[in-house]
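The values are calculated or read from the model by the stated rules, or taken from the named source; none is laboratory data. These figures come from a predicted structure and were not determined experimentally. We place every Cβ from the backbone using ideal geometry, glycine too, and count neighbours over all the protein chains shown. Please note that ligands, DNA and RNA were not included when accessible areas were found on the heavy atoms of the full protein model with its side chains. Shrake-Rupley method; radii C 1.70, N 1.55, O 1.52, S 1.80 Å.
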Amino acid sequence: MKTELEKLALLNARTAGNYEAFLYDCDGTLADNMGSHKLSYKQVAARYGIDLDTQIIDDLAGWPTALVVNEISKKYAVELPASFVEEKYATFFDEYIDQTLPVEFVAEHLKQHAGKMRIAVVSGSGRKSVEKTLMVLGLLPFVEVLVCAGETENGKPFPDPFLAAAAKLGVDPSKCLVFEDGQPGVDAAIAAGMDWVRVDQI
């Protein structure tokens, strides 16, 4: 089992190169909160008679919440209301967000590179949730640009969110490195023409 310092050293080695911007996913990448997100989905799904297998949340890591809800609807053949998204956010916000812990070596990597690299956070969660999460983690002051759910025409696995972040930073996509913990985010990075690293595989 690697220590956080060993993981940070490996991540620093993996991310050395001719990059100008680092684009971090939030949930599961900077924030050790995927368990809380899964519990939030499960609690709200139970209101609609669904005993949710939360593996679907792992499988769709990085997808916008509204699209995850659509997939849950399809899988369980239950018509879920549009309010499910807000109910899920409210449950996560009210019950879990203040206890959010960092993925320590990734959060430290971001802090070490702030001021040396352009920094963006690109998330499939809503802006309110992402800003609060980064605030709880003490990372918000280091982030120049946020791109969150619903702010581009398409979310991950499409390239739109990463391309929007690069444009806002004024950095060519080929000079951006993406940090992710799920395949949809990696697919989005590849589609955007960006290098990537899976922090969960460090």
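Things to note:
- Single residue of the stretch 54-92 satisfying the filter (aliphatic (A, V, I, L, M) and open to solvent by 60 Å² or more (accessible area, probe 1.4 Å)) that is nearest to residue 148 (Cα to Cα): 67
- Among the numbered conditions (1) farther than 30 Å from residue 17 by Cβ; (2) in contact (Cβ under 8 Å) with a residue 24 or more places away in the chain, the only one that residue 121 does not meet is (1).
- Selected residue (criterion: nearest to residue 189 (Cα to Cα)) from residues of the stretch 124-157 that are in contact with a Leu (Cβ under 7 Å, 6 or more places away or on another chain) and part of a loop (DSSP other than H, G, I, E, B): 155
- Once the stretch 127-163 is narrowed to residues that are of a type in the set (Gly, Ala, Ser) and in contact (Cβ under 8 Å) with a residue 40 or more places away in the chain, the residue that is farthest from residue 67 (Cα to Cα) is 129.
- Total residues in the stretch 170-198, condition open to solvent by 10 Å² or more (accessible area, probe 1.4 Å), assigned to a helix (DSSP H, G or I) and either in contact with a strand residue (DSSP E or B) (Cβ under 8 Å, 6 or more places away or on another chain) or within 20 Å of residue 116 (Cα to Cα) (or both): 4
- Conditions (1) open to solvent by 70 Å² or more (accessible area, probe 1.4 Å); (2) closer than 30 Å to residue 12 by Cβ; (3) in contact (Cβ under 8 Å) with a residue 60 or more places away in the chain; number of the one not met by residue 116: (3)
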